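Quick notes on the structure that follows.
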Amino acid sequence: MKKLYFTITGTNHYHGKDFFEKDMKVKLIKEPDNPFDKEAIKVEIKGLGVVGYVANSPYTLVGESYSAGRLYDKIGDKAKGTVLYNVNDGVLCYISQCDNRFSLKHGARRYRKKADW
């Protein structure tokens, strides 16, 4: 089953990217009112808040990542991701939990409790 990969970008505007480690959990939240990008998906970590955004440009994608535009309709309003690699060009992750059928077909687990948000 093919996983849905994404890249976290813009980390230098928040807390940097040096602290990202393999298997770290991140939360993805759609931001439809973002004035710069209607398909923006912000990335948060519990205790830190926003740490970056899902890359939406071919110049900021790492490996086989989906852009935010391609991922936007494949996840619900919120999803969870897991960090795979922290490389020079960005932080590569995959969707690990969501509430959208497409993502569930691609290896994500379904959310059970809304309290996790």
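Please verify whether S65 is crowded, with 22+ Cβ neighbours inside 10 Å and small (G, A, S), treating the condition exactly as stated.
Details: crowded, with 22+ Cβ neighbours inside 10 Å: yes; small (G, A, S): yes.
Spelling it out, S65 is indeed crowded, with 22+ Cβ neighbours inside 10 Å and small (G, A, S).
Of everything in region 32-60, what is of a type outside the set (G, A, S), surrounded by 11 or more Cβ atoms within 10 Å (Cβ to Cβ) and either within 12 Å of the chain's Cα centre (by Cα) or more than 24 Å from D99 (Cβ to Cβ) (or both)? Give them in sequence order.
I41, K42, V43, E44, I45, V50, V51, Y53, V54, N56, T60
Could you say whether any residue in region 63-84 is among the hydrophobic types (A, V, I, L, M, F, W, C), modelled with pLDDT of 95 or more, in contact with a helix residue (DSSP H, G or I) (Cβ under 9 Å, 6 or more places away or on another chain) and under 17 Å from L4 (Cβ atoms)?
Scanning region 63-84, I find no residue that is among the hydrophobic types (A, V, I, L, M, F, W, C), modelled with pLDDT of 95 or more, in contact with a helix residue (DSSP H, G or I) (Cβ under 9 Å, 6 or more places away or on another chain) and under 17 Å from L4 (Cβ atoms), so the answer is no.
Test D23 against the stated conditions and say whether it is at pLDDT below 95 and either out of contact with any Pro (no Cβ under 6 Å at 6 or more places or on another chain) or of a type in the set (D, E, K, R) (or both). Break it down into steps so the answer makes sense when it comes.
Values: at pLDDT below 95: no; either out of contact with any Pro (no Cβ under 6 Å at 6 or more places or on another chain) or of a type in the set (D, E, K, R) (or both): yes.
No.
Are any residues in region 58-68 out of contact with any Leu (no Cβ under 8 Å at 6 or more places or on another chain) and in contact (Cβ under 8 Å) with a residue 12 or more places away in the chain, and if so, which ones?
Initially, region 58-68 is screened for residues out of contact with any Leu (no Cβ under 8 Å at 6 or more places or on another chain), giving 58-61, 64, 68.
Within region 58-68, T60, L61, E64, A68 meet the criteria.
When you check Y94 against the structure, is it hydroxyl-bearing (S, T, Y), surrounded by 15 or more Cβ atoms within 10 Å (Cβ to Cβ) and modelled with pLDDT of 90 or more, yes or no? Give the steps one after another, and end with the answer.
Values: hydroxyl-bearing (S, T, Y): yes; surrounded by 15 or more Cβ atoms within 10 Å (Cβ to Cβ): yes; modelled with pLDDT of 90 or more: yes.
Yes; evaluated as a whole, the condition is true for this residue.
For G81, are the conditions met, namely being buried (at least 16 other Cβ atoms within 10 Å of the Cβ), at positive phi and touching a residue at least 40 places away in the same chain (Cβ under 8 Å)? Full working, then the answer.
Numbers: buried (at least 16 other Cβ atoms within 10 Å of the Cβ): yes; at positive phi: no; touching a residue at least 40 places away in the same chain (Cβ under 8 Å): yes.
So G81 does not fit the description; no.
Testing L61 on (1) under 18 Å from E31 (Cβ atoms); (2) touching a Phe, Trp or Tyr at 6+ places or on another chain (Cβ under 9 Å), one condition comes back false. Which one is that?
Just one mismatch for L61, condition (1).
Applying the selection to region 68-101, what residues are under 24 Å from D33 (Cα atoms) and assigned to a loop (DSSP other than H, G, I, E, B)?
D73, K74, I75, G76, D77, D99, N100
The values are calculated or read from the model by the stated rules, or taken from the named source; none is laboratory data. As the structure is a computational prediction, the values presented were derived from the model and not from experiment. No Cβ is skipped: glycine too gets one built from the backbone with ideal geometry, and neighbour counts run over all protein chains shown.
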